[in-house]
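The block underneath contains the structure these notes are about, expressed in structure tokens.
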Amino acid sequence: MEKCTERALKRAGHMIGRKLTQKWALSQTRRFKPDHVILGKCNGLDLDTVRTILDGRPNSMWYHDPQWYKSTYRPEVAHVVAVGKLTQTFFVSGFDKEWRALGLPAKFLPSAADRDIRSVPTKKRFHSDVAFIGTGYDPSRAQFLLKIAKKYDLKVWGNGWEQWRKPLNWQGRPVEGKAFAAVCSSSGITLGINPDKAKGGSTYTSDRTWMVILAGGFYLGHGTPGLTEMLREGDHCAWYHDLESCLAKIDYYLKNSAARERIRREGQAFVREYHTFDQRIHNLLSGEAFENPLS
């Protein structure tokens, strides 16, 4: 219905859709006269529109899907590259060297968590020894989790796990807000598993890492060289390097609840102090590179 109506409106000479979006964005820019422009993916904006908005204004862009740097054949990624080349600073949450090789002014700026995220009281319906929150688009994640599920009480939350519903104890839905926090605070361990696309990334991790820790979760993630310099093993979280070490860490920390709870508290305090979006504003506005507080 919507598409038919759209076509009829266009035939009648009315402006609708993408063309109207360009006019609206340019009108808002002229009206607001921003001192600084911060760009997202700009999927709805033509390059000429972006170029006009940025003209003569300090600007930056922050891209949170850096693992797609090899996929510039995809139109949406090619658009990000084209937009990024127009910016003064293209911040990216990993693979900055690879994005610079594409001709972008890339600097590393890790993702972050919203400071309003808080831990909530534990709830039985959200409890499991091990939890994973994320989508099921990557079969390698499923294979990793299947091996975890054979040994431990696991619950998986998020979309796209229909194929593995029973063996992964998939809960059939994503969790957000207080439900997300309840999973983190109610589970013994919350796992982080990078997708295959992110292989080779030294510093990349998604915002979920910071969110889990800030929500009061005990985070066990894939310890790449860059990440282990941003979050300390045994102080802020725990790291594994392969399936065998992951299983060993799960076993150890499920048996050592005192250590697990201490790391939860210390990790949460550390992320709140250094890794919320509020701490990233300085970089976005100044264009300065990220400085690791542990360096």
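Quick check, is ASP46 more than 23 Å from HIS282 (Cβ to Cβ) and open to solvent by less than 100 Å² (accessible area, probe 1.4 Å)?
Spelling it out, ASP46 is indeed more than 23 Å from HIS282 (Cβ to Cβ) and open to solvent by less than 100 Å² (accessible area, probe 1.4 Å).
From LEU285, LEU294, grab the single residue that is among the aliphatic types (A, V, I, L, M) and in contact with a Lys or Arg (Cβ under 8 Å, 6 or more places away or on another chain).
Result of the check over LEU285, LEU294: LEU294.
From (1) in contact (Cβ under 8 Å) with a residue 24 or more places away in the chain; (2) closer than 21 Å to VAL175 by Cα; (3) of a type in the set (Asp, Glu); (4) open to solvent by 70 Å² or more (accessible area, probe 1.4 Å), pick out the condition that doesn't hold for GLU76.
(2)
Can you report the number of residues in region 152-166 which are assigned to a loop (DSSP other than H, G, I, E, B) and open to solvent by less than 10 Å² (accessible area, probe 1.4 Å)?
Adding up the residues that qualify gives 2.
Report the residue count in region 130-151 for those that are touching a residue at least 40 places away in the same chain (Cβ under 8 Å) and surrounded by fewer than 16 Cβ atoms within 10 Å (Cβ to Cβ).
4
Restricting the search to region 97-124, which residues are in a helix (DSSP H, G or I) and free of Cβ contacts under 8 Å to residues at least 60 places away in the same chain?
Correct list: LYS97, GLU98, TRP99, ARG100, ALA101.
Taking only region 227-238 into account, find how many residues are over 13 Å from HIS275 (Cβ atoms) and open to solvent by less than 10 Å² (accessible area, probe 1.4 Å).
Total meeting the criteria: 1.
Within region 270-293, how many residues turn out to be open to solvent by 60 Å² or more (accessible area, probe 1.4 Å) and within 26 Å of PHE132 (Cα to Cα)?
So the answer is 4.
Could you tell me which residue of region 249-268 is most open to solvent (accessible area, probe 1.4 Å), considering only residues that are among the aliphatic types (A, V, I, L, M) and within 20 Å of ALA182 (Cβ to Cβ)?
Applying the filter and picking the extreme gives LEU254.
How about region 86-96: which of its residues are within 20 Å of ARG280 (Cα to Cα) and out of contact with any Ser or Thr (no Cβ under 9 Å at 6 or more places or on another chain)?
VAL92
The values are calculated or read from the model by the stated rules, or taken from the named source; none is laboratory data. Since we're looking at a predicted model, the values are computed, not measured. Positions of Cβ are generated from backbone atoms using ideal geometry, with glycine treated the same way; all protein chains shown enter the neighbour counts. What goes into the accessible areas is simple: the full protein's heavy atoms, side chains included, and nothing from ligands, DNA or RNA. Shrake-Rupley method; radii C 1.70, N 1.55, O 1.52, S 1.80 Å.
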